[in-house]
């Protein structure tokens, strides 16, 4: 039975063999993972369809494969035959026993070797310098006598001190060298694809970023007053992202050019609003998509974000979950970022960057007040979006967050 590369998802035709979880000759149970494949969007697992043995591996880790390519040969059988294992083990042990003397350098064999030497040598104890406690002969004394390096105890101590100094110098030098050690690790397919897309975005799009600051006081109060009831009822925490998703939806409906993409010499306006949420994951930056955000409640948005985060950590997000976004939100604030200029995710024309909430002095009605503030940034493609439209969009988002009751009644 051939193990083939499965369908990888929409618009994905190639993957990289990331890791074999089973080796050639391993017994495998049904539904066990054989190999992990990494596409430019997600990590996929290939499972065993029945009990059997992985008899041959054709593609090694790190190699690229296309859909339908043969990964391995699988021998199906209901009960794995383990009769070969004792034979292999016995054969390996037999091979070990036939190795020439001296290939095994553990301390036990080393002691046997010295005993054999002492039995074969005719040594008079009076000829050997004694360095042990109570004027006893040590193994080192015997070895040095045999090698012709029969030193007195004082000479041996002097030599030992010199050796210690040399050893310490060598250790110190090695530590200095080891501290400058570098390791080369190939980029994952996701990292390579992300690098290519970001570079392409910088090359093709006329990116410009506009900034603003948002007073988070009212949203924080709403969250603090309702987070326990919300979590008890829905089973997920009430975060800030659902507030921003709703604010972005209302702003996109008013300024439609931000919810568009450039295709050649055309601009495609989207009636649907699918928002990509940038997430950090062990395998790199992932951007799963919340579909039809304008038709979803706070709970549904938070639930999807929670599930995305869990799947990102487990590496189970599919490529289909990360395609088709019309706009993206990225939150660098969770990592402590105060301000940044996010890069557009092509072919979208805009991306909103959120940042850390910090108490800062602001002037309100002629008075200086300390308020929880957040810097927000909108990077947009100036080929399609004018500065007026970009600034207006960001101001709309700011107004909805600062007066969240307007989101409730649609003002």
Problem set entry | Out of 220, 305, 268, sole residue that is farther than 26 Å from residue 391 by Cα and at pLDDT 90 or above | 305
For this session: Check residue 44 against each of (1) out of contact with any helix residue (DSSP H, G or I) (no Cβ under 6 Å at 6 or more places or on another chain); (2) modelled with pLDDT under 85; (3) part of a loop (DSSP other than H, G, I, E, B) and name the one condition it does not meet.
Result: (3)
Exercise. Hey, among 317, 275, 343, 329, which residue is under 22 Å from the mean Cα position of the chain (by Cα) and within 23 Å of residue 405 (Cα to Cα)?
Worked result: 329
Exercise. Does any residue of the range 317-330 turn out to be surrounded by 15 or more Cβ atoms within 10 Å (Cβ to Cβ), outside the structural domain of residue 12 (by TED's automatic domain parsing) and more than 20 Å from residue 292 (Cα to Cα)?
Worked result: no
For this session: For residues that are touching a strand residue (DSSP E or B) at 6+ places or on another chain (Cβ under 8 Å) and buried (at least 18 other Cβ atoms within 10 Å of the Cβ), scanning just the range 213-239, find the one that is nearest to residue 378 (Cα to Cα).
Result: 214
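Yes/no per residue for (1) surrounded by 15 or more Cβ atoms within 10 Å (Cβ to Cβ); (2) in a helix (DSSP H, G or I); (3) modelled with pLDDT of 95 or more:
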position	(1), (2), (3)
374	yes, no, yes
385	yes, no, yes
391	yes, yes, yes
408	no, yes, no
Exercise. Out of 301, 369, 343, which single residue is assigned to a helix (DSSP H, G or I) and under 23 Å from residue 395 (Cβ atoms)?
Worked result: 301
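Table: residues versus (1) within 21 Å of residue 205 (Cα to Cα); (2) surrounded by 18 or more Cβ atoms within 10 Å (Cβ to Cβ).
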| site | (1), (2) |
| --- | --- |
| 268 | yes, no |
| 271 | no, no |
| 279 | no, yes |
| 289 | no, yes |
| 293 | no, yes |
| 301 | no, yes |
Problem set entry | Any hit, the range 23-32, residues being without any contact (Cβ under 8 Å) to a residue 60 or more places away in the chain and under 19 Å from the mean Cα position of the chain (by Cα) | no
Seminar exercise, completed: When the range 321-336 is checked residue by residue, the ones that are assigned to a loop (DSSP other than H, G, I, E, B), in contact with a strand residue (DSSP E or B) (Cβ under 8 Å, 6 or more places away or on another chain), farther than 15 Å from residue 308 by Cα and modelled with pLDDT under 95 are 324
Exercise. For the range 357-372, does any single residue satisfy the condition of being within 21 Å of residue 194 (Cβ to Cβ) and either within 29 Å of the chain's Cα centre (by Cα) or not assigned by TED's automatic domain parsing to the domain that holds residue 247 (or both)?
Worked result: no
For this session: Please verify whether the range 279-293 includes one or more residues that are under 30 Å from residue 383 (Cβ atoms), assigned to a helix (DSSP H, G or I), assigned by TED's automatic domain parsing to the domain that holds residue 363 and at pLDDT 95 or above.
Result: yes
For this session: Check off (1) outside any strand (DSSP E or B); (2) under 26 Å from residue 43 (Cα atoms) for residue 244 and give me the number that stays unchecked.
Result: (2)
Problem set entry | Hey, residue 231 more than 29 Å from residue 390 (Cβ to Cβ) and either in a helix (DSSP H, G or I) or assigned by TED's automatic domain parsing to the domain that holds residue 360 (or both) or not | yes
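The values are calculated or read from the model by the stated rules, or taken from the named source; none is laboratory data. From a predicted model like this one, the values you see are computed outputs, not experimental measurements. FYI the Cβ positions are ideal-geometry reconstructions off the backbone, even for glycines, and counts take in every protein chain you see.
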